[in-house]
Amino acid sequence: MSESEETSPKQSCDSPLEDRLRTLPEEPGVYLMKSETGEVLYVGKSRSLKDRVRSYFQETRVRSARISLLVSRVWDIEIIRTKSELDALILENTLIKRYRPRYNVLLRDDKTYPYLKFSWNDPFPRLTITRRIRNDGSLYFGPYPNPSAMKDTLRLIRRTFPLATCTIPLEKPTLDRPCVEYQIKRCLGPCVQGLTTEEEYRQVATAVKLFLQGKSNDLLKLLENEMKNRAKDLEFEKAAVARDRYRNVLQVLEKHAVSFPFQHPIDGLYLARSGEIALMLVLHIRNGLLIGKKEVELKHTEDASDEELLVAFLEQYYGKESAFLPGEILLPLSLPEDDLMTLSWMSEKKEEDPVRITFPRRGDKKMILDLVRENAEEALNAREKRKIDPKDLMEETRSLLKRDHPPRTLCCVDISNTGDLFPVASLVTFLDGKPEKSLYRKFRIRYEKGQDDFKMLSEVMERQFRENPLPDLLIIDGGPLQLDACVRTLESMGHGDASRRVLSLAKERISKNKMERIFFPGQEMPLVLPGHHHVTHLLVRLRDEAHRFALKYHRTLREEYLTHSRLLNIPGVGPAREKKLLLSFGSVKGLMEATVEEIALRTGLSEALAASIHQALRERPEDQTASQSRTPS
């Protein structure tokens, strides 16, 4: 079997998966399988992305029902290259926690990888294992994807560095004699008066911190100096202890290696451009490990230089109030001195250590930038392949739906109501596959004899198309019954071609797949739309936009009604005073923010009534209703 036959997915010939599968890299990394709506269906990792991802779509592979269903729903695949398989493992865990994909096996005990917590602000710091990072002044080291390896590291530290391992409060000595840990020289005994001092204990704690931070040279220098100073002071027994620690550290430093030799947070940035598309990609390095990425597409970039785009991105991305500022930001090109000066606010915002902006040309930081560049170029290529010419999209729509001409103008009608209250409808229009908001219409339904979608849809057809022509394609959000009601109404108004221009779109409700189906007038069997097709994606976007627009209008009417009723329910406030209040303060929100004195002054109402209004607007509606129901008639 040829390679193209072996790896061809069961999608249409226009599926972006075809090109994606041909261009997968052989490097390690993480892959995210996504549906046509962008939902992350599955997150996986592999030593070779090319081999692993393509294996899902091999015809000869025996799949479970879950994997078969997953493959049938995959619309696109996003990949993130990593430096090693270990990086891929850690990143996979992070992304699964973030997206909780429906096709990943999720543990009920949904914990993150463990960390070592070092209570550095305590007088006598101790090391413990935790799975949560808190802003408590402690130092956190990790995450450790292999808990056994972490426990080996902790065991080594406890054998080499005599820190306290108990849970006894150590703010001041409380015991008369030490435990066995002190006897076997595994603890300095801070729980007993006179056995050690804070200074001596802090020296050992500093060595542990350097060990966990990977600062091997500083640690060896510290232990060497301690060994020499002890010998100089004729403390030969303590000098021998320092010597043993020195030797132990030398033996295990290789086991404590991380992906990148940096403990401070680093963000690597790369700008990828092609034609009108400009994409900024950020890789996040924490504790030497790659934990995630961020893609941001930039708009209005035609006349801007790369330097201008980088500065604009830095200001907007890190300027948000909730944005995390790393200790260092790596850029692919140097910025002018004036631009660097304008970014000095970063260090002020961070308050602690300043933010360094560097432009590495060699070494480990250059390796990080190379990794960012590879991921950015991969993401840019994926976006370019996803774009489709509007004419081609309309031709695909004509072919799939068997129309006579490519439908340039598409409209969709949706009804929104809550019981019998505030029934509304929306009509949204797409021109050449893009929203044309100037042609959006909203309707407040006049039919008031109960919840009847058929009557409501017929009313919309009559009000919109009594004097207006039908679009190239009109989509009704509903099934065959709603479709028949609309076609009959349109034909009664003289639109003889309604049966060729009107369709309905409905999601399958019985099957777990919930595939989208198109119903045609006069046909019993619907057309099941392929899940991985540009036309399916277009029609779903059109239907979702109609639903959003109708729901927004419905909520607006409901809020206006509740606000109106709330003011009129206040004793002493009638229609005239309600109008006066709203004119004086512009809105109910402005009225709610006013004081009693301001209400009385600006409206001329008595202070007693102003106080009643002030209090009523601060009550929840149900509390206000309850208080009124208790008022005797």
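Structure data summary
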| item | result |
| --- | --- |
| Length released on extending from Ser499 to Glu199, taking residue separation times 0.36 nm less the Cα-Cα span | 99.2 nm |
| Protection proxy ranking of 134-141, 155-162 - average other beta-carbon atoms within 10 Å, highest first | 155-162, 134-141 |
| Whole-number D in µm²/s for region 411-454 (Stokes-Einstein; Kirkwood sum over Cα pairs; 37 °C, 0.692 mPa s) | 285 |
| Residue-normalised accessible area of region 377-442, given per residue in Å² at a 1.4 Å probe | 51 |
| Average accessible surface area per residue within region 444-603, 1.4 Å rolling probe, Å² | 56 |
| Highest average packing first - 579-592, 470-483, 188-201, Cβ atoms within 10 Å | 470-483, 188-201, 579-592 |
| Accessible heavy-atom area order of Trp75, Trp120, highest first, probe of 1.4 Å | Trp120, Trp75 |
| Subset of Lys45/Lys552; Lys299/Lys402; Lys97/Lys507; Lys34/Lys552; Lys299/Lys437 violating a 32 Å alpha-carbon distance limit | Lys45/Lys552; Lys299/Lys402 |
| FRET efficiency for Lys172 and Phe359, using Cβ-Cβ distance with R0 set to 51 Å, rounded to 0.05 | 0.50 |
| Dipole moment magnitude, nearest 20 debye, region 358-491 about Cα centre, only Lys, Arg, Asp, Glu C-beta charged | 620 |
| At R0 = 25 Å, FRET efficiency that the Cβ-Cβ distance of Arg446 and Ser492 yields, to 0.05 | 0.85 |
| Per-residue SASA entry for Arg566, accessible area with 1.4 Å probe, Å² rounded to 10 | 50 |
| Spin-label pair Glu560/Lys299, simplified geometry with 7 Å Cα→Cβ offset, distance in nm | 2.8 |
| Karplus-derived 3J(HN,Hα), 6.51/-1.76/1.60, for each residue of region 596-608, Hz, glycine and proline x | 4, 5, 5, 4, 5, 5, 7, 10, x, 7, 5, 5, 5 |
| Local net charge near Leu401, Cβ-Cβ under 13 Å (Lys/Arg +1, Asp/Glu -1) | +1 |
| Rounded to the nearest 20 debye, dipole of region 486-601 from Cβ charges on Lys, Arg, Asp, Glu | 320 |
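The values are calculated or read from the model by the stated rules, or taken from the named source; none is laboratory data. Just so it is clear, the structure is predicted and the values come from calculations on it, not from any experiment. No Cβ is skipped: glycine too gets one built from the backbone with ideal geometry, and neighbour counts run over all protein chains shown. Surface areas here come from the heavy atoms of the whole protein model, side chains and all, with no ligands, DNA or RNA. Shrake-Rupley method; radii C 1.70, N 1.55, O 1.52, S 1.80 Å.
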